[in-house]
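J.: Here's a structure for you.
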Number of protein chains: 2
Amino acid sequence: MSGHPRNEGKGDCCEQTHLDSQYSPGYYWLGNNTLKVPLVLHKENRQRLVSQMLSKHKDQIKENSFILLEGGKSTMQYDTDHEPLFKQERYFFWTFGSDIPDCFGIVGLDEQATSILCIPKLPAEYATWMGEIRSKEYYKSIFLVDQVLYVDELLEYLKSKNASTIYTILGTNTDSGSTFVEPQYPGLRESFNVNNTLLFPEIAECRVIKSPKEVEVIRYCVDASVSAHKHVMRKIKVGMKEYQCESEFLHHVYNEWGCRNVGYTCICAANKNSAVLHYGHAGEPNSATVSENGFCLFDMGAEYHSYTADITCSFPSTGKFNPEQRVVYQAVLDASVAVMEAMRPGVSWVDMHKLAERCILVALTKAGILVGDIQDLIANKIGSVFFPHGLGHFLGLDTHDVGGYLGDCQPKVHSLRTTRTLKAGMVITSEPGCYFIKHLLTQALANPETAKFFNVAELEKYRNIGGVRIEDDILVTENGCENLSKNLPRTIDEIEAFMLK
Amino acid sequence: MSGHPRNEGKGDCCEQTHLDSQYSPGYYWLGNNTLKVPLVLHKENRQRLVSQMLSKHKDQIKENSFILLEGGKSTMQYDTDHEPLFKQERYFFWTFGSDIPDCFGIVGLDEQATSILCIPKLPAEYATWMGEIRSKEYYKSIFLVDQVLYVDELLEYLKSKNASTIYTILGTNTDSGSTFVEPQYPGLRESFNVNNTLLFPEIAECRVIKSPKEVEVIRYCVDASVSAHKHVMRKIKVGMKEYQCESEFLHHVYNEWGCRNVGYTCICAANKNSAVLHYGHAGEPNSATVSENGFCLFDMGAEYHSYTADITCSFPSTGKFNPEQRVVYQAVLDASVAVMEAMRPGVSWVDMHKLAERCILVALTKAGILVGDIQDLIANKIGSVFFPHGLGHFLGLDTHDVGGYLGDCQPKVHSLRTTRTLKAGMVITSEPGCYFIKHLLTQALANPETAKFFNVAELEKYRNIGGVRIEDDILVTENGCENLSKNLPRTIDEIEAFMLK
């Protein structure tokens, strides 16, 4: 099975171990044709982080300094004993690759990036209820760390090393506005000098630039998602429930690709629901029936080893575009193609967003929905009536991955999740969209300053069409970019031909 | 579509509405052959609660008293903007049937059980991202409440009614040991007399006794789960990954039955993993390969309208029992049959647990694994070496539903989730099991007091067999009980015949 092309050169030593477990020393693998992930990926991450910290802050960082991270906690739903499936905190996962709950992790700010994984000491009854209690040695061999301790040995370890400064994460996630919670370890602040300002921007910046091994995992998530989107496009029929499409996607990525989770709740929006950007949540649970003239906007991405894809396919339920769907889809496709042609290191993401917006405005003007000079349309923010979200976002362990407002970012632009200049190694979504959103159109038509740009009679034909989004996952390369999701049918001809089969 | 037998007599008026939504006035329905749930179910729940409160505490409850519940909050994962799929808090759901996050609910302690649902006031941009912003009137018609308010109007409402006492929930969940968080509403305690002791046991007790409408929803969850378990038994092949069985189950209950969630993480334990009671969590993610001689213990239950099933099927991977598997399976089946024959109102659940344990000990003695007098085995707690969990638990909105230690319960017995006497209307799992758990056997054999009961040579043959659990969902009726999951193949002959097909 390791003979599969994607696992070439990764050896056969662990086949037997993987019959019983997702782990073998140094590897995560779910068998069959799933990806064998070398956990040295995380050792490299630790080394990247430490060398960046040391090279940028050499003067400030004293000897015997350590990074301290706290992993995610196991939780129960409300007051019950129902435990939702644990998802590891992403900074911790990036650094250690371990999905054990209730851990801490230490990385020495030394040349070797000495790593210590601190695991919870489990009660004997864990073996009855949850599974074998493994040894420290076992975890050391799996996760390629220098040492494994129990959590309650952490303080003692740091003291034995005469730790000078402990670096922890404190920072605000620019997508959520939420603040990261610093490690809560009793006695830590009393025993050591804790610095919570230096680490955050550095570790976030390391997460922005993906290593080749990280790209390989993301590529796998994208391949799984592309395969599943195509499966859904083949399966869909008028009269199906939206959630049945979600179910097909989830089954495909889990059963055939080992992806138990998706990076975000599936958006399976048919008919006018395709104009609701984040449809599919518990309040709008993909419960409509796919109609004859319904346009589908399916935004779904599979997760593997905690990395995720984020892909949107838009297509008519019948596989055949009607004239209005053709106009709107082509407008968005023009934007998508223009952006991908322009993307390369050194290019500003704000410019890419503007480029996409301009393409859409030009197409809507050509179609007679809008009237007036493009510059005037832009100046009057007509673009955001149809395209009210940003062009894209970093992608990695989080769907909206961190670091959008670090580095050389420009000041926050409303709706944009990053304003940075592209660099090789970034993975970012390109997701231009064009939607006919009732309340935004009503608002624009109510204001004489903006109403004059609309041809209301023409607009009327499109009012119930919903929306189109074309979302690809793009790796910025040294000389340009690579569309990781390029195997999707994307042109109108390709989609019609594919769905007819 | 409402012509399906299970929806008979529920009328066709809302067919059109359900093309677009899970809701129509007074109904929750996911279309096709899924169950149409009349939301009057929750109105009846409110009425049951109020009349129980008023009849039992007439003297204590003053006029103008109100029950106040707080629904679940929408949450984000760690510091990110990833929103896990919202699950409503269960006391709130039981009372109002609404899965809108960030709500409060008021029930008047009056004859009419006047009900007020308080919904969050949503910002205009909600319509762009999440979906249509519906009116108060809309929600009033859907959820059959007397009034809908915005959350920020709650205090004013209670003041306008000259509210005397506000009853809130404060109590400890006996499965988790966690304490329920009382409603956090600014100014509430300053403005009113709050009583947090009276409500909890009453509402929990109401949840213990299921109404006929609640039973119908649970029955549907059980039917879906039975169908999916059978699907998996037909699909399974040696060499499959355990998670592929999970994926088949999840797809079946979602695609064909509209069950987006399961009540708990799927336990798909093959081979020796079948001896790990709660296998399948993120640390042991159903990642083993089903082997030739592997015994499967699959514990999975589908959720619909927030109610859940909880069912375990145990069977050999090949569909053919070997002699040892036959012995252990029959021991557990004997226990299961004996319990179901004895279950009726007035019977103590502790006695049922003891009955099951005795059946298993008798069978293991007959098989020569244990030696000695049954009474001695019981006195020396040999039962809990093989059967270390309780016989079952209440089932409803929670997998481990509330109220196990209310009413006439006996003092807490280790491992038992309830010690009550059965009453008509209870729904409870019967799940005897027999497992060969390494560390429990090692412990028992290390102690001369218990080691003498084991025939070590015979035991050796069973060491790697794993375990068996047979879990059914049982409704206690006026005269006995009904096994809601009776359509599963359960005897050895039935399983072998079914899997051969």
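The values are calculated or read from the model by the stated rules, or taken from the named source; none is laboratory data. Computed from a predicted model, the values in this text were never measured in an experiment. FYI the Cβ positions are ideal-geometry reconstructions off the backbone, even for glycines, and counts take in every protein chain you see. Calculation scope for accessible area: heavy atoms of the full protein, side chains included, ligands and nucleic acids excluded. Shrake-Rupley method; radii C 1.70, N 1.55, O 1.52, S 1.80 Å.
J.: Of all residues in the range A:384-396 being in a loop (DSSP other than H, G, I, E, B) and among the aliphatic types (A, V, I, L, M), which is nearest to the other protein chains (Cβ to nearest Cβ)?
T.: A:395
J.: Of all residues in the range B:252-311, how many are over 22 Å from the mean Cα position of the chain (by Cα), open to solvent by less than 10 Å² (accessible area, probe 1.4 Å) and at pLDDT 95 or above?
T.: So the count comes out to 5.
J.: Of all residues in the range B:430-487, which are among the basic types (Lys, Arg) and more than 30 Å from the chain's Cα centre (by Cα)?
T.: The first filter runs over the range B:430-487 and keeps only residues among the basic types (Lys, Arg), leaving B:438, B:452, B:461, B:463, B:469, B:486.
Passing the criteria: B:452, B:461, B:463.
J.: What tally of residues in the range A:397-440 results from selecting those that are under 23 Å from residue A:466 (Cβ atoms) and either more than 14 Å from chain B (Cβ to nearest Cβ) or touching a Leu at 6+ places or on another chain (Cβ under 7 Å) (or both)?
T.: Of the residues in that region, 4 qualify.
J.: For the structure I just gave you, tell me whether residue A:323 is under 22 Å from residue A:473 (Cβ atoms), surrounded by fewer than 24 Cβ atoms within 10 Å (Cβ to Cβ) and away from chain B (no Cβ under 12 Å).
T.: So residue A:323 does not fit the description; no.
J.: Could you list, in sequence order, the residues of the range B:128-141 that are surrounded by fewer than 18 Cβ atoms within 10 Å (Cβ to Cβ) and farther than 15 Å from residue B:21 by Cβ?
T.: Once the filter is applied, which keeps residues that are surrounded by fewer than 18 Cβ atoms within 10 Å (Cβ to Cβ) and farther than 15 Å from residue B:21 by Cβ, the range B:128-141 yields B:129, B:136, B:137, B:140.
J.: Among the listed residues A:111, A:89, identify the single one that is farther than 30 Å from residue B:169 by Cβ, among the acidic types (Asp, Glu), crowded, with 20+ Cβ neighbours inside 10 Å and not assigned by TED's automatic domain parsing to the domain that holds residue A:400.
T.: Within the list A:111, A:89, the selection yields A:89.
J.: Further question on the same structure: Which residue pairs have Cβ atoms closer than 7 Å, lie 6 or more positions apart in sequence or on different chains, and pair a first residue in the range B:398-419 that is more than 17 Å from residue A:77 (Cβ to Cβ) and in the same structural domain as residue B:384 (by TED's automatic domain parsing) with a second residue that is modelled with pLDDT under 95 and aliphatic (A, V, I, L, M)?
T.: Every condition considered, the pairs that remain are B:419/B:413.
J.: Would you say residue B:501 is open to solvent by 60 Å² or more (accessible area, probe 1.4 Å) and within 27 Å of residue B:348 (Cβ to Cβ)?
T.: Answer is no for this residue.
J.: Within the group A:198, A:188, which residue is within 19 Å of residue A:60 (Cα to Cα) and of a type in the set (A, V, I, L, M, F, W, C)?
T.: Exactly one of A:198, A:188 is within 19 Å of residue A:60 (Cα to Cα) and of a type in the set (A, V, I, L, M, F, W, C), namely A:198.
J.: What are the residues in the range B:87-105 that are of a type outside the set (D, E, K, R) and more than 12 Å from residue A:78 (Cα to Cα), if any?
T.: To start, the set of residues in the range B:87-105 that are of a type outside the set (D, E, K, R) comprises B:88, B:91-98, B:100-101, B:103-105.
Answer for the range B:87-105, where residues must be of a type outside the set (D, E, K, R) and more than 12 Å from residue A:78 (Cα to Cα): B:93, B:94, B:95, B:96, B:97, B:98, B:100, B:101, B:103, B:104, B:105.
Residues are listed down the side, and each one gets a yes or a no for (1) more than 21 Å from residue B:163 (Cβ to Cβ); (2) touching a helix residue (DSSP H, G or I) at 6+ places or on another chain (Cβ under 9 Å); (3) modelled with pLDDT under 95:
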| position | (1), (2), (3) |
| --- | --- |
| B:177 | yes, no, yes |
| B:196 | no, no, no |
| B:206 | yes, yes, no |
| B:210 | yes, yes, no |
| B:217 | yes, yes, no |
| B:224 | yes, yes, no |
| B:227 | yes, yes, no |
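J.: Counting residues that are buried (at least 19 other Cβ atoms within 10 Å of the Cβ) and in contact (Cβ under 8 Å) with a residue 12 or more places away in the chain, which helices (runs of 4 or more DSSP H) fully inside the range A:430-494 reach at least 1?
T.: Details: elements: A:438-446, A:448-451, A:456-460.
Ranges flagged: A:438-446.
J.: Okay, moving on. Among what's in the range B:74-112 and is of a type in the set (D, E, K, R) and more than 10 Å from chain A (Cβ to nearest Cβ), pick the residue that is nearest to the chain's Cα centre (by Cα).
T.: Taking the range B:74-112 and keeping what is of a type in the set (D, E, K, R), we get B:79, B:81, B:83, B:87, B:89-90, B:99, B:102, B:110-111.
The next check asks that each one be more than 10 Å from chain A (Cβ to nearest Cβ); those that pass are B:102, B:110-111.
Details: B:102: 24, B:110: 31, B:111: 31 Å.
Among those residues, the one meeting the criterion is B:102.
J.: Do the conditions hold for residue A:59, that is, is it open to solvent by 60 Å² or more (accessible area, probe 1.4 Å), modelled with pLDDT of 90 or more, in the same structural domain as residue A:194 (by TED's automatic domain parsing) and not basic (Lys, Arg)?
T.: yes
J.: Still on this model: Within 23 Å of the chain's Cα centre (by Cα) and of a type outside the set (Lys, Arg), is that true of residue A:32?
T.: no
J.: Counting just the residues of the range A:69-108 that are part of a loop (DSSP other than H, G, I, E, B) and touching a helix residue (DSSP H, G or I) at 6+ places or on another chain (Cβ under 6 Å), which one comes out nearest to residue B:177 (Cα to Cα)?
T.: Restricting to residues being part of a loop (DSSP other than H, G, I, E, B) and touching a helix residue (DSSP H, G or I) at 6+ places or on another chain (Cβ under 6 Å), the top hit is A:71.
J.: If residue B:234 satisfies every condition in (1) open to solvent by 10 Å² or more (accessible area, probe 1.4 Å); (2) more than 30 Å from residue B:385 (Cβ to Cβ); (3) within 8 Å of another protein chain (Cβ to nearest Cβ); (4) not hydroxyl-bearing (Ser, Thr, Tyr) but one, which is the exception?
T.: (3) is the only condition that residue B:234 fails.
J.: Which count do you get for residues in the range A:225-243 that are in a helix (DSSP H, G or I) and either within 25 Å of residue B:32 (Cα to Cα) or touching a residue at least 60 places away in the same chain (Cβ under 8 Å) (or both)?
T.: 12
J.: What are the residue pairs meeting all of these: first residue in the range A:244-271, first residue facing chain B (nearest Cβ under 9 Å), second residue of a type in the set (A, V, I, L, M) and open to solvent by 30 Å² or more (accessible area, probe 1.4 Å), Cβ atoms under 6 Å, and 6 or more apart or on different chains?
T.: Cβ pairs passing all conditions: A:265/B:85.
J.: Go through A:312, A:308 for me and flag whichever is touching a helix residue (DSSP H, G or I) at 6+ places or on another chain (Cβ under 8 Å) and on the phi < 0 side of the Ramachandran plot.
T.: Going through A:312, A:308 in turn, the sole match is A:308.
J.: How many of the residues making up the range A:170-215 are more than 14 Å from every other protein chain (Cβ to nearest Cβ) and acidic (Asp, Glu)?
T.: 4
J.: Let me ask something else about it. Looking at B:367, B:331 in this structure, which one is under 26 Å from the mean Cα position of the chain (by Cα), open to solvent by less than 50 Å² (accessible area, probe 1.4 Å), within 24 Å of residue B:442 (Cβ to Cβ) and modelled with pLDDT of 95 or more?
T.: Exactly one residue qualifies, and that residue is B:331.
J.: To continue, here is another question. Filter the range B:405-421 for residues that are farther than 23 Å from residue B:434 by Cα, assigned to a loop (DSSP other than H, G, I, E, B) and not charged (D, E, K, R); which is most open to solvent (accessible area, probe 1.4 Å)? Please lay out each step first, then the result.
T.: The first filter runs over the range B:405-421 and keeps only residues farther than 23 Å from residue B:434 by Cα, leaving B:405-411, B:420-421.
From what is left, the residues that are assigned to a loop (DSSP other than H, G, I, E, B) are B:405-411, B:420.
Next, only the ones that are not charged (D, E, K, R) stay: B:405-407, B:409-411.
Numbers: B:405: 40, B:406: 37, B:407: 67, B:409: 43, B:410: 79, B:411: 109 Å².
The qualifying residue most open to solvent (accessible area, probe 1.4 Å) is B:411.
J.: Please find, among A:290, A:339, the residue that is in contact with a helix residue (DSSP H, G or I) (Cβ under 7 Å, 6 or more places away or on another chain) and within 13 Å of another protein chain (Cβ to nearest Cβ). Break it down into steps so the answer makes sense when it comes.
T.: Values: A:339 fails: within 13 Å of another protein chain (Cβ to nearest Cβ).
Going through A:290, A:339 in turn, just one is in contact with a helix residue (DSSP H, G or I) (Cβ under 7 Å, 6 or more places away or on another chain) and within 13 Å of another protein chain (Cβ to nearest Cβ): A:290.
J.: Every residue in the range A:142-180 that is touching a residue at least 24 places away in the same chain (Cβ under 8 Å), open to solvent by 50 Å² or more (accessible area, probe 1.4 Å), farther than 14 Å from residue A:107 by Cα and of a type in the set (S, T, N, Q), please.
T.: A:162, A:174 - these are the residues of the range A:142-180 that are touching a residue at least 24 places away in the same chain (Cβ under 8 Å), open to solvent by 50 Å² or more (accessible area, probe 1.4 Å), farther than 14 Å from residue A:107 by Cα and of a type in the set (S, T, N, Q).
J.: Only one of these is within 12 Å of chain B (Cβ to nearest Cβ) and in contact (Cβ under 8 Å) with a residue 40 or more places away in the chain: A:333, A:277. Name it.
T.: Working: A:333 fails: within 12 Å of chain B (Cβ to nearest Cβ).
Going through A:333, A:277 in turn, just one is within 12 Å of chain B (Cβ to nearest Cβ) and in contact (Cβ under 8 Å) with a residue 40 or more places away in the chain: A:277.
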